[in-house]
Amino acid sequence: MPLYEFRCEACGQVQEFLLRLGDGPDGLACRRCGAARLTKQFSTFATVSGSSALPAAPCGASGGCGSGFS
Ligand SMILES: [Zn+2]
């Protein structure tokens, strides 16, 4: 069962909830303040890959892949 992060719109607390696939935040409530306004967060790895540093291209700037262009 996948684990999803939800952020409480009321208090900003980020919490993890186990949901079945396709389930929304219906019925979930903040464990801190009890509000039911929870917003699904992107997974951690997606957040990281979307941030500043892009991974280096496999061929790199050192010309590792040989003469790919013709
Ligand atoms: Zn809350």
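Read-outs: derived from the displayed coordinates by stated rules, not from any lab. For clarity, every value in this text was computed on a predicted model and none was experimentally measured.
Taking amide H positions as placed 1.01 Å from N in the peptide plane, with prolines and chain starts having none, which residues 5 or more places from residue 35, or on another chain, fall under 5 Å of its amide H?
30
Starting from the Cα-Cα distance between residue 36 and residue 13, subtract it from 0.36 nm times their residue separation and give me the gain in nm to one decimal. It would help to have the intermediate numbers written out before the result.
On the way: separation 23, 0.36 × 23 = 8.28 nm, distance 1.20 nm.
The residue 36-residue 13 span can extend by a further 7.1 nm.
Given H placed 1.01 Å from N in the peptide plane, which residues other than close sequence neighbours of residue 19 have an amide H under 5 Å from its amide H?
Hits under the 5 Å cutoff: 4.
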